[in-house]
Amino acid sequence: MRMFALDYARPAEDPQVTHAPPYRYDPLLQVNVLDDGRPAVRDHALLRELGSTTSTAGSKTHFDD
């Protein structure tokens, strides 16, 4: 019998590799924005790729979408 957790376990990411998100937090708008100033949640391709745009300000559990 296979343990339930093994079906969903993922290898840990290499701590040497850093992944900068393609967006940044704008404190005035209080949302994540792309380099061109558009809110990151409006980029449907980005959301399909990342699943969400987790805020980099404050709590890591806050989602802008």
(request) Taking the residues in segment 37-64 that are under 13 Å from the mean Cα position of the chain (by Cα) and assigned to a strand (DSSP E or B) as candidates, determine which candidate is modelled with the lowest pLDDT. (result) Phe63
(request) Kindly indicate which of Pro15, Pro21, Pro27 is at pLDDT below 85 and more than 16 Å from the chain's Cα centre (by Cα). (result) Pro15
(request) Scan segment 24-36 for residues that are open to solvent by less than 40 Å² (accessible area, probe 1.4 Å) and either outside any loop (DSSP other than H, G, I, E, B) or among the small types (Gly, Ala, Ser) (or both) and report the count. (result) 3
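The values are calculated or read from the model by the stated rules, or taken from the named source; none is laboratory data. Since the model is a prediction, treat every value here as computed from it, not as a measurement. Remember, those area values only see protein heavy atoms, side chains included, never the ligands or the DNA or RNA. Shrake-Rupley method; radii C 1.70, N 1.55, O 1.52, S 1.80 Å.
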